[in-house]
Amino acid sequence: MMKNCLLVSSAMIILFCFASPSNAQKSVPVPVAAPMLAPAPAPAPDYVNLTELLSVAGPFHTFLQLLQSTKVIDTFQNQANNTEEGITLFVPKDEAFSSLKNKPSLSNLTQDQLKSLCLFHALPHYYSLADFRNLSEQNPIPTFAGGQYALNFTDNSGTVRLDSGWTITKVISAVHSTDPVALYETDRDFELEPSGDCNCWGVIVVGVEVGWLVLLLSSC
């Protein structure tokens with residue numbers, strides 16, 4: 001009887017040992033999926049800073065000062081940054097403002113006249129040099145100044161001329177021409193013309209090696 005009890009006890013001890021957690025088969029860990037990463041944000045658009053461009057090119061410091069004083073630079077920058085149309089500018093170099101043959105100077109103009117003068121420098125669309133050929137078939141082309149301040153383009157075997165109605169000038173080079181901003185030089189000199197027998201100045205023609213403008217200042 002004692003022998004049977006010992007056998008039963010030994011069997012229970014053996015079963016207990018095999019059933020204990022220390023001898024249980026270790027479970028294989030289940031792979032955890034890596035968390036989904038959010039897509040990287042799109043890079044910010046590479047805008048052309050018109051103030052910086054006009055500061056380093058040309059130089060165009062005098063005209064840039066006019067754009068800043070009239071706030072027209074903000075209009076142009078907004079057109080370049082926030083529209084699909086882009087912008088095309090014709091800008092006079094600094095020497096244009098120091099080579100005036102006649103008076104009055106730009107200091108005699110009102111703020112509104114200066115603003116119109118600046119706005120007449122730009123087209124509310126980006127045009128490459130190659131686009132000017134098509135523009136000659138769409139004349140007149142409106143400027144930012146609106147109204148009568150439009151331009152007529154001609155392209156004769158790659159030579160582009162702009163007719164404002166008061167003066168004709170030729171495009172001689174592209175300072176910057178990457179969509180959405182184009183900046184062109186022209187070959188006209190600064191010139192001021194009085195309006196007939198009046199004592200007032202009716203037309204100001206602004207031109208230089210790199211720019212031009214025509215603006216009716218007053219009617220006599």
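The values are calculated or read from the model by the stated rules, or taken from the named source; none is laboratory data. Since the model is a prediction, treat every value here as computed from it, not as a measurement. Positions of Cβ are generated from backbone atoms using ideal geometry, with glycine treated the same way; all protein chains shown enter the neighbour counts.
Couple of notes before you dig in:
- Residues in the range 72-92 that are without any contact (Cβ under 8 Å) to a residue 24 or more places away in the chain and either under 19 Å from VAL175 (Cα atoms) or crowded, with 18+ Cβ neighbours inside 10 Å (or both): ILE73 alone.
- The one condition in (1) more than 23 Å from the chain's Cα centre (by Cα); (2) crowded, with 17+ Cβ neighbours inside 10 Å; (3) in contact (Cβ under 8 Å) with a residue 12 or more places away in the chain that ASN152 fails to fulfil: (2)
- Single unsatisfied condition, LEU64 versus (1) in contact with a helix residue (DSSP H, G or I) (Cβ under 6 Å, 6 or more places away or on another chain); (2) assigned to a loop (DSSP other than H, G, I, E, B); (3) modelled with pLDDT of 90 or more: (2)
- Residue selected from the range 184-202 under the condition closer than 16 Å to LEU151 by Cβ, in a strand (DSSP E or B) and not aromatic (Phe, Trp, Tyr), by the criterion modelled with the highest pLDDT: GLU185
Yes/no per residue for (1) at pLDDT 90 or above; (2) within 17 Å of VAL91 (Cα to Cα); (3) part of a loop (DSSP other than H, G, I, E, B):
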| site | (1), (2), (3) |
| --- | --- |
| LEU117 | no, yes, no |
| HIS125 | yes, yes, yes |
| ARG133 | no, no, no |
| GLY147 | no, no, yes |
| LEU151 | no, yes, no |
| GLY165 | no, no, yes |
| ILE172 | no, yes, no |
| HIS176 | yes, yes, no |
